[in-house]
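Before any comments, here is the structure.
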Amino acid sequence: MSQFAPRPLAIAPSILASDFSKLGEEVRAVDQAGADWIHLDVMDGHFVPNISYGPDVIKAMRPHTNKIFDAHLMIAPCDPYLEAFAKAGCDHITVHAEAGPHLHRSLQAIRALGKKAGVSLNPGTHPSVLEYVLDDIDLVLVMSVNPGFGGQAFIPSAVEKIKAIRAMVAGRPIDIEVDGGVSEKVAGELAAAGANALVAGSAVFKGGTLDAYKANIAGIRNAAMSARGEVV
Ligand code: DX5
Ligand code: ZN
């Protein structure tokens, strides 16, 4: 166990796995089902081999919940679009370390917009890229699949990477988030390794009803809470 007080646990359903024909309703449903953050996957068909949605769609979702909008930008370049995501109502803006040569500049720009700045690492990226930006970030997003698609299998090496990042952040107020293939089966292991924010797309939206979302989120939350030594 870490000598530092753990960051609060956050379950972050990924809207990528929702029914896009009724986005507002889906956002309200996961809010009501117990989501802490709403995870928003932005893909450009260039940095990742898929295209999802951009700031206008996020802006349309914004009135449907007061929960934190946790934007995961899988786009390159990202700097020209940061302001648009801030204005759309994103609270966290996470960029990929691999998306361009000026990570530090992007992080400064996000904070200058008054938003929390995050860095995401692909499965093949070493956490050493974080070393000189630790004072410039509020969040690290560890990818446990190759970004671009929901419903992929969890890559187990993410667990060791989370442990290494947990040691690196050493008590700084930085959330450690994990994304890709997360379900209640791996939630405990991830929380024990030091992840306090768990993104889940298919594992939350399976079943397609409010009751299913509630049970799915509770299953992930309970597994993580047990591993954190918290009363379920
Ligand atoms: C993948 C996205 C994820 C995705 C997760 O590129 O970053 O957020 O929606 O989906 P699941 O939980 O189904 O792996
Ligand atoms: Zn994501």
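Mind running the shape call on region 143-190? Use the C-alpha gyration tensor, a ≥ b ≥ c as the square roots of the eigenvalues: rounded below 1.5 for a/c, prolate if a/b tops b/c, oblate otherwise.
Here region 143-190 falls in the prolate category.
Considering only protein heavy atoms and a probe of 1.4 Å, how much of the accessible area of region 75-159 is carbon and sulfur, as a whole percent?
54
Please report Rg (one decimal) and Dmax (integer) in Å for the Cα set of the chain.
Every Cα atom of the chain included, Rg and Dmax give 16.1, 46 Å.
Which ³J(HN,Hα) values in Hz, rounded to whole numbers, follow from the phi angles of region 78-87 under the Karplus curve 6.51 cos²θ - 1.76 cosθ + 1.60, where θ = phi - 60° and Gly and Pro get x?
Whole-Hz 3J(HN,Hα) from phi for region 78-87: 9, 3, x, 10, 4, 4, 5, 5, 4, 5.
With θ set to phi - 60°, apply the Karplus curve 6.51 cos²θ - 1.76 cosθ + 1.60 along region 223-232 and write out the HN-Hα couplings as whole Hz, x wherever there is a Gly or Pro.
5, 5, 5, 4, 5, 7, x, 9, 6, 7
Give the long-range amide H neighbours of Asp175: residues separated by 5 or more places, or on another chain, with amide H under 5 Å away, using H modelled in the peptide plane at 1.01 Å from N.
Leu139, Val140
If the cut-off is a Cα-Cα distance under 19 Å, which lysines reach Lys185, setting aside same-chain residues fewer than 8 apart in sequence?
By straight Cα distance, Lys185 reaches Lys161, Lys163, Lys206, Lys214.
The values are calculated or read from the model by the stated rules, or taken from the named source; none is laboratory data. Keep in mind that what you see is a predicted model, and the values were worked out from it rather than measured. Just the protein is used for accessible areas: all its heavy atoms, side chains included, with ligands, DNA and RNA removed. Shrake-Rupley method; radii C 1.70, N 1.55, O 1.52, S 1.80 Å.
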